[in-house]
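Novice: Sharing a structure with you now.
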Amino acid sequence: MKDHLVIFDTTLRDGEQSPGASMTRDEKLRIARQLERMRVDVIEAGFAAASNGDFDAVRAIAATIKDSVVCSLARANENDIRRAGEALAPAAAGRIHTFIATSPIHMEKKLRMTPDQVVEQAVKSVVWAREYTSDIEFSAEDAGRSEIDFLCRIFDAVIRAGATTINVPDTVGYNVPEQFAATLRTVIERVPDSDKVIWSVHCHNDLGLAVANSLAAVCAGARQVECTINGLGERAGNAALEEVVMTVRTRRDVFGCDTRIDATQIVPASKLVSGITGFPVQPNKAIVGANAFAHESGIHQDGVLKHRETYEIMRAEDVGWRANRLVLGKHSGRNAFRTRLQELGIPIESEEHLNHAFARFKELADRKHEMFDEDLHALMSEESVTPEDEHFKLASMGFQSETGETPRAWLTLIADGAEHRSEANGSGPVDATFRAIESVAGSGAELLLFSVNSITGGTDAQGEVTVRLSREGRIVNGQGADTDIVVASAKAYINALNKLQSKVERVNPQV
Ligand code: KIV
Ligand code: ZN
């Protein structure tokens, strides 16, 4: 359909390739459910051949999602494609997305293959993929720096072999809108049977042009955009889903197409992804930033009060902004708690899981009185940590901080089942707490980032802390939430240590 723009979300694959953004299987499932609720057409669930963990996550998402196509990435080799096909077996609708580099520099220096070999490998890969599904996407990696004649040749060959979506990635974010649009126009014009496939684009944001390039390509005939929530992704990220969707919707007069996205689910999706990955959203970020709809200047405020459209081109509520909705309180019962979790798409594994989460909910509600959706998400994120992932666990902690005195923290940490007590001084209570944890853990990790955000409004809000640690080239993000931000900091640090401890090994598809 010429007026339907397919939204292909790759938060769970390219987004997860951001340093420190790796997610557990359950976290990926929660995001996948939210993407389905938002009515994304295609969810790229991961790269099945990367690790057993990635395979399991793709399979679990394939088994759960019914209203979106579930896709797995696969390099153009038999093993990757078979792993993708097996992981997608339970899907109601599954797509294999295979790719190979086509730019002279990638073919010569990275693949060490001739152009003829690259075409042959691409064709073979599509043929292998056809054993599993008829929905096959082919990507020419680094298309943005590839020769146009070669792109036309390889696209023609893979379409003949059975590819149904042809993706043109600007892998290194090098293109500018006019030039990228010209590339799309040329391949669509020159490749035989180009009207039988969907033309897709996948733009990286190294020059801040990912959304502009994607939209220029839509004007040139692309009908699938690959994007991520909050623009998460390798290096400077991918095109931001929310910006692409709201631009084509707000300016239908220009683009002549629309998506099937339920835009009211955009802000909840943004918050979920930011909470799980620990990548905060900048306040002035379009659509999903905290200030995106805040009018500060008197002239603007006056105009909006008199007639909203004077300064507003979209309505905040149409993209899912609403006052933090009070959902539950300390008198809410187990049933209300269960129902709200179900409405939010948060999985409850067993009655025992529910009982445990409900006990923690009651304890938090005692301190906090009013509980919002965001609080439930944070609480359930902590609940999703399995005992195998909990090498270190905080048993108790305290700290002292007084003007003119050196801050001090003390805590009991359980490491591999044994209790360890420790104390430390620091430049502040958080610093002292981290030192006390390290005196037991001795991880040797470097702290790259420490950030605190308030989950909701008010001084009784939970603080959500993100800690990014690096060790031997591995980067992980840990999260913790609590009404006491020093406790939240300890939880986040321990969560990051536990992630460093886990043996998950994955390969980046582009390496
Ligand atoms: O950026 C890129 O080229 C990719 C491909 C695998 C589509 O992520
Ligand atoms: Zn990419």
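Novice: With respect to the cross-link table entries Lys368/Lys393; Lys66/Lys271; Lys28/Lys124; Lys2/Lys271, which display a Cα-Cα separation exceeding 27 Å?
Specialist: Checking Cα-Cα distances, Lys28/Lys124; Lys2/Lys271 exceed 27 Å.
Novice: Loop by DSSP (not H, G, I, E, B), at most 13 other beta-carbon atoms within 10 Å: where is the longest site-free stretch of the chain for GluC sites (Glu not before Pro)?
Specialist: That would be 148-295.
Novice: To the nearest 10 Å², what's Lys109's accessible area with a 1.4 Å probe?
Specialist: 130 Å²
Novice: Between Thr386 and Glu86, take the C-beta separation as r, use R0 = 35 Å, and let me know the FRET efficiency to the nearest 0.05.
Specialist: Approximately 0.90, to the nearest 0.05.
Novice: In terms of solvent-accessible area of protein heavy atoms at a 1.4 angstrom probe, what is the ranking of Arg322, Arg82, Arg145, highest value first?
Specialist: Accessible-area ranking of Arg322, Arg82, Arg145, largest first: Arg322, Arg145, Arg82.
Novice: What accessible area per residue comes out for the chain, rounded to a whole number of Å², with a 1.4 Å probe?
Specialist: Here the per-residue accessible area is 43 Å².
Novice: Something else now. When the convex hull of the C-alpha atoms of segment 44-177 is computed, what volume per residue in Å³ does it have?
Specialist: Convex hull volume per residue, Cα atoms: 108 Å³.
Novice: Please give the Cα centre distance for segment 233-262 versus segment 193-231, rounded to the nearest Å.
Specialist: Answer, in whole Å: 9.
Novice: Okay, next question. Which shape class, rounded, prolate or oblate, goes with the chain when its Cα gyration tensor gives a ≥ b ≥ c as root eigenvalues, a/c under 1.5 marks rounded, and past that a/b bigger than b/c marks prolate?
Specialist: prolate
Novice: Further question on the same structure: How large, in percent, is the carbon and sulfur part of the accessible surface of segment 424-511 at a probe radius of 1.4 Å?
Specialist: Percent of accessible area from carbon and sulfur atoms in segment 424-511: 52.
Novice: Further question: By how many degrees, between 0 and 90 and to the nearest 10, does the Cα long axis of helix 115-130 differ from the longest principal axis of the chain?
Specialist: In the chain, helix 115-130 runs at an angle near 70 degrees to the longest axis.
Novice: Arg334 accessible area, nearest 10 Å², 1.4 Å probe?
Specialist: 80 Å²
Novice: So what is the relative contact order of the chain, in percent, for Cα pairs below 8 Å that sit 6 or more residues apart?
Specialist: For the chain, the relative contact order is 12 percent.
Novice: Let me ask something else. Once ligands and nucleic acids are excluded and a 1.4 Å probe is used, how much of Leu151 is accessible, expressed in Å² to the nearest 10?
Specialist: Counting only protein heavy atoms, Leu151 exposes about 0 Å² to solvent.
Novice: Using +1 at the Cβ of each Lys and Arg and -1 at the Cβ of each Asp and Glu in the chain, identify which of Phe434, Leu241, Ala161 lies farthest towards the dipole's positive end.
Specialist: Ala161
Novice: Something else now. Is segment 243-347 best put as rounded, prolate or oblate by its Cα gyration tensor, with a ≥ b ≥ c the root eigenvalues, rounded for a/c under 1.5, and otherwise prolate when a/b is larger than b/c, oblate when not?
Specialist: prolate
Novice: Just want the answer: with Cβ charges of +1 for Lys and Arg and -1 for Asp and Glu, which residue in Thr171, His356, Ser274 is farthest toward the dipole's positive end in the chain?
Specialist: Thr171
Novice: Please list Lys110, Lys491 in order of solvent-accessible area, largest first, computed with a 1.4 Å probe with all protein chains present.
Specialist: Per-residue accessible area, sorted high to low, gives Lys110, Lys491.
Novice: How large is the dipole of the chain about the Cα centre if only Lys and Arg carry +1 and Asp and Glu carry -1, each at its Cβ, rounded to the nearest 20 debye?
Specialist: 480 debye
Novice: Helix 177-190 sits at what angle to the longest principal axis of the chain, using alpha carbons and giving 0 to 90 degrees rounded to 10?
Specialist: Compared with the principal axis, the helix lies near 40 degrees.
Novice: How would you classify segment 287-407 from its alpha-carbon gyration tensor, with a ≥ b ≥ c the square roots of the eigenvalues: rounded for a/c under 1.5, else prolate if a/b is greater than b/c, otherwise oblate?
Specialist: Verdict is oblate for segment 287-407.
The values are calculated or read from the model by the stated rules, or taken from the named source; none is laboratory data. Worth saying up front: this structure is predicted, and the values here are computed from it rather than measured. Methodologically, a virtual Cβ is constructed for each residue, glycine included, from the backbone with ideal geometry; neighbour enumeration extends over all protein chains shown. These accessible areas exclude ligands, DNA and RNA; they are computed on the full protein's heavy atoms, side chains included. Shrake-Rupley method; radii C 1.70, N 1.55, O 1.52, S 1.80 Å.
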